Amino acid sequence: MINRSLIRALMVSAALATGTLLAGCNGENLAQSAKATKPIPEKLLAEMEAKNMDKGSPILVRLFKQESELEVWKQDRSGRFALLKTYAICRWSGDLGPKIREGDRQTPEGFYSITPGQMNPASAYYLSFNMGYPNAYDRAWGRTGSQLMVHGDCSSRGCYAMTDEQISEIYSLGRESFFGGQTAFQVQAYPFRMTPQNMAKYRDNPNMPFWRMLKEGNDIFEVTKTEPKVDVCDKKYVFDAEPLPGGKPLTFNPTGKCPAYQLNPEVAQALQDKERADRSKLAELISHGARLAKSRAGIDGGMHPVFATKLPDAQSIAMSDVNDYTISATGPAPGTIPSYVNPPRAPEGAVMETAATSSSSETTSQTGGPNVFSALASKVGWKREQPAEPQAAPAPKPTPAPKSKAIAKNVAPARAPEVRMPEPRIIPLNRTAQAGPETKPSETKSSAPVPPETIAGAQPTAPANSFNSRWSSFQ
């Protein structure tokens, strides 16, 4: 009898070949399929071994817009997921918040499932995979859009764009997980890292109810380190739902009423503890005057500073309101930045933090200029208090109180710029000269099959269910 793992590999190969044929309708040369078979780099394989991971074990991807970072998690030999590598996102478009309709340039937020048929080895943007937007949740709300990808080429009109070198690695990790038996890997797309600090910063954003719902899935993953099972009912996401004791199997209708369900008691307790701690921290931050995020009005998307600070026109690039990047801006750019890249620009006339102003601020503090100590104090969150101006002794003829107060109010604005806290900044590096107008074609070049109605999760490397049920999607 033929080994089952060999059959699985052949079935996945057939699915990938189908994707190649579909992508070939774009007129792409099928010789580019060699890119799709490029092996995982030896350094990354060594990292897997050091973290007790198998080459073909399941993966999970997490995307964070505001930080412009993509994480690849991989299941280790204990059955839990561990972070393998974080990648800087070269470009994403739109604003924070979910995608609503075709043409709004929004990159999706939510939980998506990637099957072998959604992998595009002949993409117009080096390599790509279709996120599967709209999923069951998006369709329940009547949202529209298509061909939303994670791809190379650092160019975005609704996609998460990496460099070609980065997407080559990510694609190979997905491919090997399929060869290892995973039938679909999950993508979790968030507006930002779901920390109390960020929830406080964006507390007045109209998308906050949606983001709190996404945080439930995020928190389940963080406390269990296992992929959350995702369902949709009553036009909302439901995570890790289990039948009540003695109850019937659960069925979910994206627009219908949710069935009665429960969470695993141990998971429910861990989730409750995390939520309690997060709420306490959130309340503390707000009570101490946590500042709100600065406006993104007029800014299209974002770019990780490790890329932005390398561009020759960095002074015009709008930097994100972030101070906790995982990837340092001081490292080399992880891949080739195309000359036609179109970075996010600050609106004309707007006063914002940019790569250039960050560079200037850093230079002042390092050279020990006249404001070196005030700059250092600003970094650690201290405000330099201005000494009060000496007041003249009262004149024989008393001055009316309202007039005196008016004078004090007029004096304050003149000193305000000196005590204003600077926005979080990124330490820049030397820049390489790459610029020019964007001339790439539309991102809807690649083709992928319509995603399934239900959201499939990652399957264990050694599944308990039958072979036929695991591969029914390919029959």
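The values are calculated or read from the model by the stated rules, or taken from the named source; none is laboratory data. Everything quoted here is computed from the prediction, not taken from an experiment. For neighbour counting, all protein chains shown are included, and Cβ atoms are generated from backbone atoms with ideal geometry for every residue, glycine included. What goes into the accessible areas is simple: the full protein's heavy atoms, side chains included, and nothing from ligands, DNA or RNA. Shrake-Rupley method; radii C 1.70, N 1.55, O 1.52, S 1.80 Å.
Lys274 contributes an accessible area of around 40 Å² to the protein surface, as traced by a 1.4 Å probe with all chains present.
Amide H to amide H distances under 5 Å link Thr183 with Gln459, where only residues 5 or more positions off or on other chains count and H is placed in the peptide plane.
Stretch Lys281-Lys85 to full length: gain in nm at 0.36 nm per residue minus the Cα-Cα span? Don't skip to the answer; put the middle values down first.
Working: separation 196, 0.36 × 196 = 70.56 nm, distance 2.82 nm.
Stretched out fully, the Lys281 to Lys85 stretch lengthens by 67.7 nm.
So, for segment 270-347, what is the accessible surface per residue at a probe of 1.4 Å, expressed in square angstrom?
Averaged over the residues of segment 270-347, the accessible area is 45 Å².
Accessible surface computed residue by residue for segment 89-229, with neighbouring protein chains in place and a 1.4 Å probe, gives 23 Å² per residue.
For Asp273 and Arg345, a Förster radius of 35 Å and the Cβ-Cβ distance give a FRET efficiency of 0.20, rounded to the nearest 0.05. The share of accessible area on segment 51-90 that comes from carbon and sulfur is 45 percent, using a 1.4 angstrom probe. Diffusion coefficient (Stokes-Einstein, Kirkwood radius over C-alpha pairs, 20 °C, 1.002 mPa s) for segment 197-243: 181 µm²/s, rounded to a whole number. The alpha carbon convex hull volume per residue for segment 142-197 rounds to 155 Å³. Available extension along the chain between Asn207 and Glu242 is 9.8 nm, counting 0.36 nm per residue and deducting the alpha carbon span.
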